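S.K.: Just passing along the structure, written as structure tokens.
The values are calculated or read from the model by the stated rules, or taken from the named source; none is laboratory data. Just so it is clear, the structure is predicted and the values come from calculations on it, not from any experiment. With ideal geometry, Cβ positions are generated from the backbone for all residues, glycine too; neighbour counts draw on all protein chains shown.
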Amino acid sequence: MFGPLNTGVEILRRPFTANELFDLVENSSVREPLRKYQPNHFAIFVNEAGAVEGVARSQYTLSLPEFNEASAQFPGAAYFLALPGLYSGPDVFAAKIESCAAALRESPGRGLGGGAWLKIGAKWIPSIGTRLLHRAKSADSPAPSNVDVTSRPERPLRTLTRTLLVSILLFACVGCDQASKGAARAYLVPGEAQSFLHDTLRLIYVENPGAFLSMGADLPDHARSTIFMVGVGLLSLGALFAALYARRLSQWQVIALALIASGGVGNWIDRLTNEGRVTDFLNVGVGGLRTGIFNVADMVLVAGVALYLLASRGVQLNR
């Protein structure tokens, strides 16, 4: 008989053969509402001698608190996961049991995982296609020092997902930038400031021949044309190409490059259609401490650069 724990996991503490485990797992399911069948999930606990000490069963996917409570019932044992249809026969259960036991014998004092850890050279890695195994909670059973079990590596974006993400960001950011600039040209008087939010925000319409915050505005016309029309155009297209096709980028780096490209393209369109000038109209600050005049494309570009630096430094942005 299974005995319940506080978390709702049921524990059966007795030895099992591989055949008994197969029968137990494959013949177990529970009726769910809405005419659905939810298979039970099992954790099979194995000791270093290759003997099954017991089984933990949950109606749903085993959560971390359930793992912790169940593993505390079997000190010194490792476990692997099973559910109906996952393994083809008793021989697979036998192989999993032996794999866990062998790994435990080869790595005394380590917390092991993945059905077993495979040792390649001097490194331990989890075996493919299986989940993390623990030893029972114990201060003297640390995880392998060179394996990070607190976070999973981020999966690269699929090509279609990546293309859609970059395209949506590009059209949304460039569209907002161009619409806001069109509104500024239509409704604001050049050089006349309008104040909002107790003068925290000012709208001032100017035509900027330079870069962000008017940098480079005093350069000769030929130099400005080369740098801001040709150079910025190439850099923007390069960022867009990298966002779409560069390998080994995290999703946040892809988003950051798409924002950089969007900001560059937004201002590049201005230069191509407005004799090399960019429409700026935003100014923020408190009292005498104020920014220069900028636009939506500038904000998008700065946000992209900041996000790329954070993502490249390994800052966890998903939490």
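S.K.: Any residue at all in the range 245-263 that's more than 20 Å from Leu310 (Cβ to Cβ) and among the aliphatic types (A, V, I, L, M)?
M.R.: No, because not a single residue in the range 245-263 is more than 20 Å from Leu310 (Cβ to Cβ) and among the aliphatic types (A, V, I, L, M).
S.K.: Taking Arg224 as meeting all but one of (1) surrounded by 17 or more Cβ atoms within 10 Å (Cβ to Cβ); (2) part of a helix (DSSP H, G or I); (3) at pLDDT 90 or above, write down the number of the exception.
M.R.: (3)
S.K.: Condition (residue is over 18 Å from Pro209 (Cβ atoms) and in the same structural domain as Glu207 (by TED's automatic domain parsing)) applied to the range 268-280: is it met by at least one residue?
M.R.: Filtering the range 268-280 for residues over 18 Å from Pro209 (Cβ atoms) gives none.
No, the conditions are met nowhere in the range 268-280.
S.K.: In the range 30-55, which residues are exposed (fewer than 15 other Cβ atoms within 10 Å of the Cβ) and either of a type outside the set (Phe, Trp, Tyr) or modelled with pLDDT of 85 or more (or both)? If you could, list the steps in order and put the result at the bottom.
M.R.: Going through the range 30-55, the residues exposed (fewer than 15 other Cβ atoms within 10 Å of the Cβ) turn out to be 30-38, 49, 51.
Val30, Arg31, Glu32, Pro33, Leu34, Arg35, Lys36, Gln38, Ala49, Ala51, listed by residue number.
S.K.: Checking Phe67 against (1) modelled with pLDDT of 75 or more; (2) in a helix (DSSP H, G or I): exactly one of these is not met. Which one?
M.R.: (1)
S.K.: Further, regarding this structure: From Gly266, Gly285, Gly292, which residue is buried (at least 18 other Cβ atoms within 10 Å of the Cβ) and within 30 Å of Leu197 (Cα to Cα)?
M.R.: Numbers: Gly285 fails: buried (at least 18 other Cβ atoms within 10 Å of the Cβ); Gly292 fails: buried (at least 18 other Cβ atoms within 10 Å of the Cβ).
Testing whether each residue is buried (at least 18 other Cβ atoms within 10 Å of the Cβ) and within 30 Å of Leu197 (Cα to Cα) leaves just Gly266.
S.K.: Sticking with this one: Can you confirm whether Gly76 is within 22 Å of Asp23 (Cβ to Cβ) and assigned to a loop (DSSP other than H, G, I, E, B)?
M.R.: On the way: within 22 Å of Asp23 (Cβ to Cβ): no; assigned to a loop (DSSP other than H, G, I, E, B): yes.
The answer is no for Gly76.
S.K.: Across the range 248-286, what is the total count of residues that are in contact (Cβ under 8 Å) with a residue 24 or more places away in the chain and in a loop (DSSP other than H, G, I, E, B)?
M.R.: Pass one, the range 248-286, residues in contact (Cβ under 8 Å) with a residue 24 or more places away in the chain: 248-272, 274, 276-286.
If we keep only those that are in a loop (DSSP other than H, G, I, E, B) as well, we get 248-250, 274, 276-277.
Of the residues in the range 248-286, 6 are in contact (Cβ under 8 Å) with a residue 24 or more places away in the chain and in a loop (DSSP other than H, G, I, E, B).
S.K.: Is it the case that some residue within the range 246-253 is at pLDDT 90 or above and assigned by TED's automatic domain parsing to the domain that holds Leu169?
M.R.: Here is the first cut: in the range 246-253, the residues at pLDDT 90 or above are 252-253.
Of the ones still in play, those that are also assigned by TED's automatic domain parsing to the domain that holds Leu169 are 252-253.
There is at least one residue in the range 246-253 that is at pLDDT 90 or above and assigned by TED's automatic domain parsing to the domain that holds Leu169.
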